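Single-structure report; data block below.
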Amino acid sequence: MLKSIGQISVNAKDLPRAVGFYRDALGLRLLFQAPPQLAFFDCGGVRLMLSPPERPEFDHPGSILYFKVDDIQAAAAALGSRGVGFDEPPHKVASLPDHDLWLASFHDSEGNLLALMSEVRPPQG
C-alpha cells in the first residue's frame, strides 16, 4: 500500500548552481551530497534529490513543485530578497468554501517551474 512520497527527483544540469539556489535562495536544508552528482534536501519530511538526467529520455522539465507557505506575501518577499524572480506574483486562483487558494510561480536555477501555494482562511471573529 502506498503511504507517502519519500523522495522527489529534480533535474539539475549544474549541480553546484542548483545546490546554491535550493540552499541559499529557497532556504531548504541540505541533507547530504553523494558522488558523482547528487544532492539531497529536506522539504518538510520529503527528500528532494537534485541530479543531472541519467538518460536522454529523462532530460525534460519535471512536474511543478508547489511549496506550501502560511503567508505567501511574506514568503515571496523573502525569496525575492534572495534573488528569486517571480513569473507571477502572489495572486488568488480560487475561492473555496473554507479558504482562498493563492499561488506565485518562479523558476529555479535550472529552469524548472516551481510555485508557492497558500491556503488563506478568513479571519476568525
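Readers should treat all values here as calculations from the given coordinates under stated rules, not as data from a laboratory. If you're wondering where the values come from, they're calculated on a predicted model, not measured in any experiment. Methodologically, a virtual Cβ is constructed for each residue, glycine included, from the backbone with ideal geometry; neighbour enumeration extends over all protein chains shown.
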Please state the charge dipole magnitude for the chain, taken about the Cα centre, from unit charges on C-beta atoms (+1 on K and R, -1 on D and E), reported in debye and rounded to the nearest 20.
300
Answer label for Rg and Dmax of the Cα atoms in Å (calculated), chosen among (1) 14.8, 45; (2) 15.8, 55; (3) 18.5, 75
(2)
Which ordering of LYS13, LYS3 is given by a fewest-first count of other beta-carbon atoms within 10 Å?
LYS3, LYS13
Between VAL69, GLN33, VAL46, whose Cα lies farthest towards the positive end of the dipole of the range 1-88 when Lys and Arg beta carbons carry +1 and Asp and Glu beta carbons carry -1, centred on the Cα centre?
GLN33
Expected unfolding gain across ASP100-ILE8 under the 0.36 nm per residue rule, minus the alpha-carbon gap, is 30.4 nm
What percent do you get for the relative contact order of the chain when only Cα pairs under 8 Å and 6+ apart count?
24
Take every DSSP beta bridge whose two residues both sit in the range 1-76, then give the antiparallel share in percent to the nearest 5.
65
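If each residue of separation counts as 0.36 nm, what is the full-extension length gain between VAL46 and ARG29 once their alpha-carbon separation is subtracted?
Details: separation 17, 0.36 × 17 = 6.12 nm, distance 1.14 nm.
Length gained, VAL46 through ARG29: 5.0 nm.
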Taking the chain as the reference, fit the longest principal axis to its C-alpha atoms, fit the long axis of helix 72-81 to the helix C-alpha atoms, and give the angle between the two in degrees, 0 to 90, nearest 10.
40
